[in-house]
Amino acid sequence: MADYQIRRCERQLEGGIHPETQKALSTTDSCIFVGDPKRLVFPIHFSGGGPGEALVAVADIVSQGTPIIKCQSGITHVASRAGKVIDIIDHEIAHPAATKSASIIIEPSGLEDQNYLDPLVWPFDADTLRNRAIEAGILGLGGAGFPSFKKWSEGMQTLIINGAECQPYLTTDDTLMRIDTHSMIRGASMLSQSLDIKTIIIGIEDNKPEVLEAIESALKESCSDCFFDVVLLDTKYPSGSERHLVWLTLGIEVPTGSHAVESGVIVHNPGTLAALSRAIDGKPITDRIVTLTGEALAAPQNIVVPIGAPISHLIEATDTNPESLTSITIGGPMMGYSVTNFTAGITKTTNCLLAREVDIPPESPCIRCGACATVCPVRLQPQQMVFALKGGSLDRAIHEGLTDCIECAACNAVCPSHIPLAEWFRLGRFEARDKANDQRLAAKARERFEARNMRLKRISLEKEAKRAVRQAKTADALEKARKARKESA
Amino acid sequence: MTDALWTIGAGVAGLSVIALLGGILLQYASKGFSVDGNPLVNSIDALLPQTQCGQCGHPGCKPYAEAIAGGEPINRCPPGGQDTVDRLASLLGVDILPLDADDATTEQDLVAIIIEKDCIGCTKCIQACPVDAIVGAAKLMHTVIVDECTGCDLCVEPCPVDCIDMIPRPKSPDYWMPTRPNIISSDRCGQIGIQHG
């Protein structure tokens, strides 16, 4: 039995909102596997882990687990089913960029042909685990898709399992923590032991009593050496935001401009840790749990689907005709984005497909009510930032704290004028990122310009010195010749 | 009488000593904490885009920064655009001027690219590049280090075989920008003055 405690969180989230959670809609006892789709789509540059390069060519035969994409960060994505590469073309992608991008299309053959990695045998060190995470394509499965191995530096004190799942409608993590509890705890323990972390915190919102039961019984059976601290959080959005969860569970305020890792805390999604546990056994990420929910679906539920399966295939799994829907939201009602083309394949970061009719009333002028500032969990003044951004003054928005915005969209939810504040902030943050990049390039150019000027100056000084020496020599020789002539005369 | 003189004398002497100490301290501070160059020039230079293109009529951004510190108009930097003019106006506390440039094409972020099969290896572009972003040797093909190129286009004109093109700066394949939300009619358009703090 592992050493553990269950406690209620004593801290309160500042700001935040209590939206209708709607989680009962998709909550089911089990999680079904759906059949394989006719084709799988893997975007080369948008699968998570940065721009990539294809490792296969058209007409190649791949097994389940064959590496097909290598990303700039090192992360490898594998074929989720055995089959044949039928094309590499520009294809619709499930991404807020909503563009077409180069994608590998695989036609599953239905064969049980697996090409897995060798299982790792305990004890292994952190480097072995990092390499394994790279080979198995382990990314943050919560939605951001950050390469997990980058968080695993030395000197970390705490691992937090982020099971808050504060966003309405989503039950992905809830399902995973109920049906795959052992994998999650095993993954967390192995990671902690290889990084010499003693404490694992599991943060869950108090609307998931079944998860708490499952975790408790799993911990009783577990033989982990780590101490598990299960923290029950008040149900409030956005308590699952990384920096807020760190504050709620540990009381550590992550400074602006830095990440939790810099405060000695690793935060992972439960799915990531379960996937890591399987990766240790040799199985790369080939499938994930996706919540299919929303009032417009006939049978909302959680399903296990192969990565790359088209959105339409998932919609069909809920007994709904994809043609009856005009658009679908990926990633939940608060922070999700909408897609209209259902041929795009799901990626490792697709946690939820939400289909519902929402009437968003037209935007009206801001009435300066300050409701957005009251709910902002980062204590910003959203109305001030949106004035600045609408007026085209990015500098001023940054001055107001734009770069600290977590885009949780709590401000959107309470705005009586229906101003799309979070959309403005997302755009502003992207522009700020570009601007910072420009400034970095300018600094480099300044350095090179000055180095070149110095070099040119040095060369001209050297030339000058040489010329002076030459002139002195000539003058010398002339003088001598003159003397010689005088003497001979 | 003598007492009064003593009192005045002590006061004068005391103040003199304080003045002397203060003088020594100031002298030390002016030497010890002196800043090389004009600090204003550095703050101006930090706002300029560092393309080193010379379109302002100065051989690089730093010389233009020095000229601005000396009173030259702040609107002569086309690569920086109106944004840079605004920031300079805010820094220097002067009026915002309209940008002194021909058209909007200056807004584009370009880089130079050498058509390598046409290059004769004359090294003229290498000499023209203000940031050493072109590599090559005499009679051998040259090429542009795209990451270092500022897009100043100073290399285009000296090329005797016209083998240098200016193209939009290549973006990472996973680069994207969110769409811009709509502005409604009640939103004030145009610039909000940049007055910080």
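Values for this structure:
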| quantity | calculated |
| --- | --- |
| Condition met for A:Gly83 (of a type in the set (Gly, Ala, Ser), outside the structural domain of A:Val267 (by TED's automatic domain parsing) and surrounded by 22 or more Cβ atoms within 10 Å (Cβ to Cβ)) | yes |
| Conditions (1) more than 14 Å from chain B (Cβ to nearest Cβ); (2) assigned to a loop (DSSP other than H, G, I, E, B); (3) within 28 Å of the chain's Cα centre (by Cα); number of the one not met by A:Pro96 | (1) |
| Count - residues of the stretch A:129-146 that are touching a Pro at 6+ places or on another chain (Cβ under 7 Å) and either modelled with pLDDT under 90 or outside the structural domain of A:Leu276 (by TED's automatic domain parsing) (or both) | 0 |
| Residue within the stretch A:336-345 that is of a type in the set (Val, Ile, Thr) and either more than 24 Å from A:Ala413 (Cα to Cα) or over 21 Å from the mean Cα position of the chain (by Cα) (or both) present | yes |
| A:Arg426 under 28 Å from A:Val254 (Cα atoms), within 10 Å of another protein chain (Cβ to nearest Cβ) and in contact with an Asp or Glu (Cβ under 8 Å, 6 or more places away or on another chain) | yes |
| Exclusive hit being out of contact with any helix residue (DSSP H, G or I) (no Cβ under 8 Å at 6 or more places or on another chain), of a type in the set (Val, Ile, Thr) and within 12 Å of chain B (Cβ to nearest Cβ), set A:Ile419, A:Ile398, A:Ile367 | A:Ile367 |
| Those residues of the stretch A:251-270 which are modelled with pLDDT of 95 or more and in a helix (DSSP H, G or I), in sequence order | A:Pro270 |
| Selection from the stretch A:12-26 of residues that are surrounded by 15 or more Cβ atoms within 10 Å (Cβ to Cβ) and more than 25 Å from the chain's Cα centre (by Cα) | A:Leu25 |
| Test: residue in the stretch A:189-204 that is surrounded by 21 or more Cβ atoms within 10 Å (Cβ to Cβ), within 14 Å of A:Gly271 (Cβ to Cβ) and among the small types (Gly, Ala, Ser) | no |
| Contacts under 8 angstrom Cβ, first residue in the stretch A:242-261 being surrounded by fewer than 21 Cβ atoms within 10 Å (Cβ to Cβ), partner of a type in the set (Phe, Trp, Tyr) and not in a loop (DSSP other than H, G, I, E, B), 6 or more apart | A:Glu253/A:Trp247; A:Val254/A:Trp247 |
| Tabulated pairs, the stretch A:379-407, first outside the structural domain of A:Phe425 (by TED's automatic domain parsing), second modelled with pLDDT under 95, C-beta under 7 angstrom, 6+ apart or interchain | none |
| Subset of the stretch A:351-364 that is in contact (Cβ under 8 Å) with a residue 40 or more places away in the chain and away from chain B (no Cβ under 14 Å) - its residue that is nearest to the chain's Cα centre (by Cα) | A:Asn351 |
| Condition check for A:Gln12: more than 23 Å from A:Phe342 (Cα to Cα) and not in a loop (DSSP other than H, G, I, E, B) | no |
| Some residue of the stretch A:374-382 being in a loop (DSSP other than H, G, I, E, B) and either within 14 Å of chain B (Cβ to nearest Cβ) or closer than 21 Å to A:Gln22 by Cα (or both) | no |
| Enumeration of residues in the stretch A:205-217 that are over 23 Å from A:Arg243 (Cβ atoms) and surrounded by fewer than 22 Cβ atoms within 10 Å (Cβ to Cβ) | A:Pro209, A:Glu210, A:Leu212, A:Glu213, A:Ala214, A:Glu216, A:Ser217 |
| Contacts under 6 angstrom Cβ, first residue in the stretch A:312-326 being farther than 17 Å from A:Arg356 by Cβ, partner outside any helix (DSSP H, G or I), 6 or more apart | A:Ser312/A:Phe342; A:His313/A:Pro37; A:Ala317/A:Val34; A:Ala317/A:Ile303 |
| Residue list for the stretch B:36-63, filter: in contact (Cβ under 8 Å) with a residue 12 or more places away in the chain and either of a type in the set (D, E, K, R) or touching a strand residue (DSSP E or B) at 6+ places or on another chain (Cβ under 7 Å) (or both) | B:Asp45, B:Lys62 |
| Helices (runs of 4 or more DSSP H) completely within the stretch B:1-120 that count 3 or more residues being away from chain A (no Cβ under 14 Å) | B:2-32, B:61-69 |
| Test: residue in the stretch A:59-69 that is within 14 Å of another protein chain (Cβ to nearest Cβ), in contact (Cβ under 8 Å) with a residue 40 or more places away in the chain, under 23 Å from the mean Cα position of the chain (by Cα) and part of a strand (DSSP E or B) | no |
| Any hit, the stretch B:151-173, residues being closer than 23 Å to B:Cys61 by Cβ, aliphatic (A, V, I, L, M) and within 14 Å of chain A (Cβ to nearest Cβ) | yes |
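Condition check ((1) touching a helix residue (DSSP H, G or I) at 6+ places or on another chain (Cβ under 9 Å); (2) not assigned by TED's automatic domain parsing to the domain that holds A:Lys283) across all residues:
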| residue | (1), (2) |
| --- | --- |
| A:Thr28 | yes, no |
| A:Cys31 | yes, no |
| A:Ala54 | no, yes |
| A:Val58 | no, yes |
| A:Gly65 | no, yes |
| A:Ile68 | no, yes |
| A:Ile89 | no, yes |
| A:Ala94 | yes, yes |
| A:Glu107 | no, yes |
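The values are calculated or read from the model by the stated rules, or taken from the named source; none is laboratory data. Predicted, not measured: the structure shown is a model, and the values here were computed from it. Cβ coordinates were reconstructed from backbone atoms using ideal geometry, including for glycine residues, and neighbour counts include every protein chain displayed.
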